[in-house]
Each structure stands twice: as C-alpha cells, then as structure tokens.
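Before any comments, here is the structure.
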Amino acid sequence: MNFDLQYMLEISLQIAKFIPITLVLAIISMVLAIIIGLVVALIKNSNIFGITHLAGLYISLFRGMPTLVLLFIIYYGLPQLFPSLSTMEALTAAIIGFSLKESSYLAEIFRAGLNSVDKGQMEAGLATGMKRVQIYSRIILPQAALNALPATGNTFISLIKETSLAFTLGITELFAEGKMIASANMRFFETYLVVGLIYWLLVILYSWIQKYLEIWLSKPLRR
Amino acid sequence: MIKVRNLTKHFDDKQVLNDINLDIRTGEVVAIIGPSGSGKSTLLRCLNLLEKPNSGTIEIKDVKLDTQKYKERDAYQLRQQTAMVFQHYNLFKNKTALRNVIESLLVSKKMKKEEAIQIGVDLLKRVGLEKQAKQYPATLSGGQQQRVSIARALAVKPHAILFDEPTSALDPELVNEVLQVIRELAKDDTTMVIVTHEMQFAKEVADHVIFMADGHIIEQGTPEQVIEHSLNPRTQRFLRQMGDETDGAARQKRM
C-alpha cells in the first residue's frame with residue numbers, strides 16, 4: 001500500500017507550526033462574536049419596537065449566508081465600494097467575517113440561555129432594590145452562561161474548523177500549509193490526514209477545557 | 001405607611017383588580033386572604049410594580065407614584081421602600097446564602113464588604129441559619145431557603161415587607177419554621193403585608209385582615225371581625241371551604 005507513515009510524522013511538525021495562526025483566527029473571532037452576540041441577544045430580548053426587528057434582521061442575514069461568500073464580500077467586495085478598505089489585511093477581513101457569522105448563531109443561543117433563567121430571579125432582584133443592569137450582570141448572565149455553554153461550545157468547535165476557509169483569502173493557516181505541502185510532494189492522503197488530525201486534536205483539547213468550565217460554572221447548582 | 005388609591009389592573013380584558021383602596025399603618029401586620037384568582041397576589045405585586053397597574057396611585061412612606069405615568073427611576077425609588085418574600089423563594093441560585101442576603105447591600109447601597117457581611121451573618125443568625133451561610137440555595141431545604149429569603153428582605157431595612165404566600169410551596173412539616181420567623185418579626189413591629197392561605201396564622205399575627213374576591217376588597221377589619229365573626233356570605237363561604245380542606249387534611253392524616 002502506498003502509505004508513508006514516516007513522511008506523515010515529518011510533515012506533522014511543519015504543519016503544526018501553523019496552529020497558532022488558526023487559534024488566533026478562532027479565538028479572536030470567538031471573543032468578538034460573543035460580545036456582538038450578547039448585545040444582539042439583549043436587544044432582541046428587549047421589547048423596544050424597531051431595534052428588536054433590526055436584531056432579528058441581523059441574525060437572519062448573517063446566518064443565512066455561506067461563510068465563504070461572506071468572506072469574499074468583505075475582502076474582495078467592500079474595497080470596491082470603499083477604496084480606503086483596500087489596505088485591509090486578509091487576517092482582519094477573515095476575523096470580521098467569522099465574527100459576524102458566529103455572532104448571529106450565538107445571539108440565538110444566548111437568547112435561549114437568558115430566557116431559560118427563571119423570571120423570579122429578575123423579580124427578586126428588583127424587589128430587593130437592584131437595578132436591571134446589576135441584576136443582569138450579577139445574577140442572570142452567570143446562570144444563562146451555564147445553560148448556553150454546551151451550544152456555545154459547539155459553535156466554537158465549528159468555528160475552529162471553519163477557519164480553514166481563510167486560505168481562500170491568502171492566509172496561510174493549517175489547511176493552507178497542508179495544501180502547499182501536498183501539491184509540492186503529491187502525498188495528498190498523508191498530508192490532509194495530518195491536517196485533519198491536528199484539527200481533531202484542537203477540538204479534543206477545547207472539549208476538555210469546556211468540561212472543566214462547565215464543572216466550575218455549575219458548582220453553585222449542585223446539591 | 002402604605003396608601004393605595006383607586007388601583008385597577010386588568011390582564012387583556014380580564015379585570016383583576018377593581019378600584020382598590022388600602023391604608024396600612026406603620027408597624028401594622030396585614031393579612032390578605034381570599035380564594036385563588038381573587039387578585040390578592042396581583043395586588044401585592046402591584047405595590048412594588050412587579051405588575052404594572054393600569055391606574056391608581058401608590059404611596060409608600062414618602063414616595064408617591066401615579067401608576068399611569070412613571071419612569072423606571074420612579075419605580076426604582078418605590079421599590080427601595082419595600083422588600084418581598086416570594087412563594088418560590090427566588091433566591092439567587094448562583095450565590096451563597098450569605099451573598100443572597102447582602103447582595104443588594106453591596107450593589108444598591110454600596111456598603112463596605114465587611115460591614116455588609118456583619119449584617120448578613122447577624123440576619124442569618126436571626127433566622128437560625130448561620131451555619132448555612134456558605135451553602136448555595138440548591139443545597140438548602142425549602143424552609144431554609146424561605147428563611148434566607150426573609151433575611152434577604154430584612155437586610156435592606158425596608159419600610160414594609162411583602163409576603164406572597166410564603167408557605168404555599170413548602171412541605172407541611174417545613175411550614176412552621178417559616179411561620180415562626182414571621183411571628184418574631186410581627187412582635188418587633190415590622191410592617192408586613194402577608195398574602196396567605198394559613199387562616200390560623202393570619203388570625204394569630206395579623207392586626208388587620210382583608211378578604212378579597214374577584215378583584216374587590218369584600219371585607220376588612222380585625223381578625224375577629226373577618227375570620228371569626230364575618231357577617232358577609234361571600235367571606236363565610238370561603239372560610240367554610242378552607243375549614244373543610246383543613247378538616248379533610250386532618251382526617252387523611254389520621255387514616
């Protein structure tokens with residue numbers, strides 16, 4: 001069988017050098033997506049007519065477009081309208097694209113998380129003389145976070161893998177490096193298998209972190 | 001002092017509170033009784049604007065509010081005057097018993113942490129739960145949770161405490177520990193408005209009893225007047241039904 005294990009091990013280290021750029025893409029996009037998603041969720045949950053609909057439109061729009069198309073619109077399309085954007089780096093464009101996309105998913109996840117917190121928690125806060133903002137930040141969000149964590153984790157796992165699309169903007173991350181090695185040495189199976197296994201490893205690592213995060217967050221609720 | 005004038009509230013087209021007028025003196029313990037759906041809990045929840053009344057005025061201590069035109073800031077001011085004990089306790093699930101008691105002291109009253117903890121520990125001692133200070137609500141029994149919630153209500157030194165069926169969600173053997181705490185408060189002249197189904201308890205602690213049905217105050221007066229010697233047929237029928245239930249429960253226990 002035409003399979004070279006030795007070669008796989010050799011290129012593993014070479015490809016692994018690009019783990020940091022993949023992680024930078026994933027983590028920065030995720031942090032931004034969490035912030036935007038939370039704001040959108042709170043807006044959609046507020047009963048202020050008009051902006052509630054805007055939040056709905058935001059979610060529908062960015063959830064409805066393929067990530068690849070979104071990236072192309074931002075990186076190749078926008079500079080046509082705004083020439084000043086032509087100096088935008090590919091990395092920036094990718095992070096913007098991923099953040100918009102993931103935030104639309106997270107907004108719905110967070111909204112479900114917020115709504116899963118018993119209404120009595122808000123009432124108790126108001127009745128003891130706290131302000132809504134204080135009740136949200138100290139009582140409701142911590143409880144919603146626990147409920148939203150599994151679905152948020154899924155979104156992050158998808159994001160880690162979706163960052164491979166950044167190669168289309170000319171960013172050299174895990175997948176792009178693999179593609180280059182493969183086309184140079186014609187060992188497609190071994191190379192892409194290594195790339196795939198590295199993604200898997202990253203996902204396993206994250207799942208492990210999430211498990212501890214969940215234990216930590218659910219500490220107050222255990223009997 | 002709590003003064004309510006011409007309070008009305010409807011959910012969609014169902015009238016829940018019908019032109020309610022109410023006067024509660026400082027230090028008075030008022031029990032509101034009546035069949036379920038009579039509007040007693042809604043009335044209580046209107047007093048701190050957890051329900052938004054449709055019209056009428058509410059005055060508590062020196063904050064007066066027209067329920068047809070108020071801002072979030074006015075609601076906040078009015079809520080500062082009272083604290084509430086809920087049927088389902090509503091303790092903050094992500095906070096320990098002690099933190100539940102002192103949270104609003106730290107957040108709204110901007111009190112120093114050491115000072116707040118001292119108050120919190122004293123209050124937990126008062127409801128007999130100083131040992132449970134570091135426990136989370138999920139690890140406490142219903143009765144313990146309700147006692148923590150009473151301590152939380154006391155912490156803000158409210159002008160009045162509103163009790164919304166404080167024992168209705170409790171297992172029968174846990175009811176008394178909560179009632180005992182409320183009895184102690186009544187002795188200290190804490191102003192309290194208690195919505196309750198515990199007739200015996202209402203008779204014992206209340207200075208004034210209000211009987212509500214169908215969104216109206218049907219009758220009010222001393223416990224003797226309303227619970228013992230009511231001349232109103234609506235009140236009599238309700239008390240008879242309550243009596244049957246209690247007898248029934250007693251019978252079941254004997255069997």
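Report the rotationally averaged projected area of the stretch A:36-97 based on its alpha-carbon convex hull, in square nanometres. Walk me through the numbers before you get to the answer.
Working: hull surface 19.6 nm².
Spelled out: convex hull of the Cα atoms, projected over all directions, averaged, 4.9 nm².
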Report summary line: Placing one equal point scatterer on each C-alpha of the stretch A:12-135 and summing with Debye, one gets log10 I(q)/I(0) at q = 0.13, 0.15, 0.19 Å⁻¹ equal to -0.68, -0.82, -1.07
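Divide, for chain B, the radius of gyration over alpha carbons by 2.2 N^0.38 Å, where N is the residue count.
The reported ratio for this selection is 1.02.
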Query raised in the report: Along the principal axes of its C-alpha atoms, what lengths does the stretch A:86-223 span, in descending order and rounded to whole Å?
Result: 69, 43, 17
Report task. Let me know the Kirkwood hydrodynamic radius for the protein assembly as shown, please, with Cα pairs as the basis and the value in Å to one decimal. Result -> 26.5 Å
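In debye, nearest 20, what is the charge dipole magnitude of chain B about its Cα centre with +1 on Lys and Arg Cβ and -1 on Asp and Glu Cβ, if you could check? Each step should come with its number before you reach the end.
Values: 37 positive and 34 negative charges, 197 e Å.
In debye, rounded to 20, chain B gives about 940.
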**Report entry** Equivalent ellipsoid semi-axes, the stretch B:49-93, via Cα gyration tensor eigenvalues times 5, rooted, Å
**Finding:** 22, 12, 10
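Averaged across B:82-95, how many Cβ atoms of other chains sit within 10 Å of each residue's Cβ atom? Don't skip to the answer; put the middle values down first.
Numbers: counts 3, 4, 5, 2, 4, 1, 3, 2, 10, 3, 13, 10, 15, 4.
Per-residue shielding by partner chains comes out at 6.
Hydropathy at least -1.0 by Kyte-Doolittle, axial extent at least 18 angstrom from the Cα trace: which helices of chain B, defined as entire DSSP H runs, fit?
On the way: long enough: B:113-126 (19 Å, -0.29); B:142-155 (20 Å, -0.23); B:172-187 (24 Å, 0.18); B:233-254 (31 Å, -1.78).
Counting only whole DSSP H runs, the qualifying helices are B:113-126, B:142-155, B:172-187.
By DSSP, what percent of the beta bridges with both residues in the protein assembly as shown are antiparallel, rounded to the nearest 5?
Values: 21 of 37 bridges.
Counting only bridges with both partners in the protein assembly as shown, antiparallel ones make up about 55 percent.
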Query - Residues with amide H under 5 Å from that of B:ILE218, placed H, sequence gap 5 or more - result: B:PHE211, B:MET212, B:ALA213
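Sort B:107-119, A:135-147, A:93-105 by the packing proxy (mean of other Cβ within 10 Å over each peptide's residues), most packed first. Kindly include the intermediate steps, with their values, before the conclusion.
Values: B:107-119: 14.6, A:135-147: 19.2, A:93-105: 23.7.
Packing order, densest peptide first, comes out as A:93-105, A:135-147, B:107-119.
Compute the Kirkwood hydrodynamic radius of the stretch B:1-134, taking the inverse of the mean of 1/r over all pairs of distinct Cα atoms, and give it in Å to one decimal.
Details: mean 1/r = 0.0593 Å⁻¹.
16.9 Å is the Kirkwood radius here.
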Report summary line: Mean separation of Cα contacts under 8 Å (at least 6 apart) over the residue count of chain B, i.e. the relative contact order in percent, is 25 percent
Report task. Along Cα→Cβ, 7 Å out, is where each label goes; now give me the distance between the ones at A:GLU89 and A:TYR7 in nm to one decimal. Result -> 3.4 nm
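Explain nothing, just the number: relative contact order of chain A, from Cα pairs under 8 Å at least 6 residues apart, as a whole percent. Mind showing how you got there, number by number?
On the way: 211 pairs, mean separation 63.3, N = 223.
Over chain A, the number comes to 28 percent.
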Query raised in the report: Considering the Cα trace of the stretch B:126-226, what is its radius of gyration and what is Dmax, both in angstroms?
Result: 14.6, 45
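Which of the helices in chain A meet the span-like rule: DSSP H, Cα axial reach of 27 Å or more, Kyte-Doolittle mean at least -1.0? Could the numbers behind the result be given before it?
Details: long enough: A:19-45 (37 Å, 2.53); A:90-115 (37 Å, 0.74); A:141-162 (29 Å, 0.48); A:188-217 (43 Å, 1.29).
Qualifying helices, which must be both long enough and hydrophobic enough, are A:19-45, A:90-115, A:141-162, A:188-217.
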Report summary line: Percent of all alpha-carbon pairs of the stretch A:172-222 at distances over 17 Å, whole number, is 52 percent
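Using only the Cα atoms of the stretch A:140-204, construct the convex hull and provide its projected area averaged over every direction, in square nanometres to one decimal.
On the way: hull surface 21.6 nm².
Taking the Cα atoms of the stretch A:140-204, their convex hull projects to 5.4 nm² on average.
Each value in this text was obtained by applying a stated rule to the coordinates, not by laboratory testing. Quick caveat, the model's predicted, so the values are computed rather than measured. Cβ: placed from backbone, ideal geometry, glycine included. Neighbour counts: every protein chain shown.
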